[in-house]
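Structure first, commentary second.
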Amino acid sequence: MPEIPLILKEKREIAHNTMEFVFEKPAGFDYKPGQFMTLIYENQPHQDKKGNRRAMSFASSPTENVLSFGMRMSMSAYKRSLMDAEMGVKLSGIGPAGRFLLPDDPSVELVFLAGGIGITPFRSMVKYLTDKKTPTKMTLIYSNNCLRDTSYLSEFTEWEKQNPKFKFVPTMTDPDQVEKEWTGRCGLITEELLREAIDNVVKPTYMIVGPPGMVEVMIRLLESLEVPETQIKIEKFTGYDAH
């Protein structure tokens with residue numbers, strides 16, 4: 001697959017120690033919500049043994065005129081190089097790739113279970129379905145330690161107002177870190193939460209992205225609720241490694 005030139009247009013902090021990098025969208029380039037791209041920084045100024053490429057889920061929607069990627073920052077040479085990059089810096093991309101995709105049938109009810117920076121593919125999906133005004137009923141349950149760790153909070157809150165088919169359920173899990181200004185839900189994603197947020201917990205297709213431990217717990221929870229295996233989809237997400 002040929003490399004595609006990418007020009008850095010913007011970078012912004014979207015949560016504590018979490019950045020979004022926005023690139024110009026090449027003419028004619030297309031992808032599907034839930035896919036990823038391998039980003040290559042050929043001449044990155046910092047170097048280490050981890051190399052100059054990373055696979056990143058699209059946070060942007062195909063309906064937008066930019067390509068954006070959210071990532072937790074670390075001390076790796078790659079991420080330090082991106083953090084230091086000036087606007088106009090050129091990277092290259094390989095892709096799109098990936099099979100973590102929305103169902104072809106827009107009538108299928110969806111529940112997105114996200115932890116931390118695992119939110120990025122769901123940002124793409126929710127934005128896409130909202131822009132397309134599909135009949136898809138969807139619920140996003142988004143778990144973070146605390147408010148400052150929560151990416152795209154204001155965007156999801158706004159899209160819930162715009163899209164009557166979309167329900168947004170953020171929850172904060174660390175009682176020692178949760179800010180006083182947070183008046184929403186606290187606690188882990190549990191059977192009680194699912195039954196409160198979803199009319200019939202066995203009906204939807206569940207899509208899960210988050211830390212490996214969270215993903216395993218969610219799978220066991222859904223299995224205990226007798227959700228069919230064919231209605232559980234997971235993405236092996238590398239965004240939690242210190243890379």
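Note on segment 1-27: residues that are out of contact with any Lys or Arg (no Cβ under 9 Å at 6 or more places or on another chain) and of a type outside the set (Lys, Arg) amount to 9. Set side by side, the residues Ala197, Ala242 differ, and just one is at pLDDT below 95 and outside the structural domain of Leu39 (by TED's automatic domain parsing), which is Ala242.
Determine whether Glu160 is in the same structural domain as Ser124 (by TED's automatic domain parsing) and assigned to a helix (DSSP H, G or I). Yes: the conditions hold for Glu160.
Being of a type in the set (Asp, Glu), assigned to a loop (DSSP other than H, G, I, E, B), in contact (Cβ under 8 Å) with a residue 12 or more places away in the chain and touching a helix residue (DSSP H, G or I) at 6+ places or on another chain (Cβ under 7 Å) is a condition met by at least one residue of segment 44-56. Considering segment 178-214, the residues that are hydrophobic (A, V, I, L, M, F, W, C), outside any loop (DSSP other than H, G, I, E, B) and within 23 Å of Ile234 (Cβ to Cβ) include one that is nearest to the chain's Cα centre (by Cα), namely Val209.
Name the residue, out of Ser76, Ser81, Ser107, Ser154, that is at pLDDT below 95 and over 23 Å from Met214 (Cβ atoms). Before you say what the answer is, go through the steps one by one.
Working: Ser76 fails: over 23 Å from Met214 (Cβ atoms); Ser107 fails: at pLDDT below 95; Ser154 fails: at pLDDT below 95.
Testing whether each residue is at pLDDT below 95 and over 23 Å from Met214 (Cβ atoms) leaves just Ser81.
Taking only pairs six or more apart or across chains, which ones have beta-carbon atoms under 9 Å, a first residue in segment 63-88 that is more than 21 Å from Phe36 (Cβ to Cβ), and a second residue that is among the hydrophobic types (A, V, I, L, M, F, W, C) and assigned to a strand (DSSP E or B)? Close Cβ pairs satisfying both conditions: Glu86/Leu8; Met87/Ile7; Met87/Leu8; Gly88/Ile7; Gly88/Leu8.
Of the set (1) surrounded by fewer than 17 Cβ atoms within 10 Å (Cβ to Cβ); (2) under 29 Å from Met71 (Cβ atoms); (3) free of Cβ contacts under 8 Å to residues at least 40 places away in the same chain, all apply to Pro211 but (3).
Suppose we filter segment 138-157 for residues that are of a type in the set (Val, Ile, Thr) and either assigned to a strand (DSSP E or B) or in contact with a Cys (Cβ under 8 Å, 6 or more places away or on another chain) (or both); how many remain? Please lay out each step first, then the result.
So the first thing to find is which residues in segment 138-157 are of a type in the set (Val, Ile, Thr), and the list is 139, 141, 150, 157.
Now narrow it down to the ones that are either assigned to a strand (DSSP E or B) or in contact with a Cys (Cβ under 8 Å, 6 or more places away or on another chain) (or both): 139, 141.
So the count comes out to 2.
Scanning segment 145-185 for residues that are surrounded by fewer than 14 Cβ atoms within 10 Å (Cβ to Cβ) and hydrophobic (A, V, I, L, M, F, W, C) yields no hits at all.
Every test in (1) surrounded by 12 or more Cβ atoms within 10 Å (Cβ to Cβ); (2) in contact (Cβ under 8 Å) with a residue 12 or more places away in the chain; (3) under 24 Å from Thr130 (Cβ atoms) is passed by Thr190 save one, and that test is (3). The single condition among (1) more than 24 Å from Val66 (Cα to Cα); (2) crowded, with 17+ Cβ neighbours inside 10 Å; (3) among the hydrophobic types (A, V, I, L, M, F, W, C) that Val108 does not satisfy is (2).
Within segment 106-146, the residues that satisfy the criterion of being more than 19 Å from Glu20 (Cα to Cα), β-branched (Val, Ile, Thr) and in contact (Cβ under 8 Å) with a residue 40 or more places away in the chain are Val108, Val111, Thr139, Ile141.
The values are calculated or read from the model by the stated rules, or taken from the named source; none is laboratory data. In this text the structure is predicted, and so the values were computed from the model without any measurement. Using ideal geometry, Cβ is built from the backbone for each residue, glycine included, and neighbour counts are taken over all protein chains shown.
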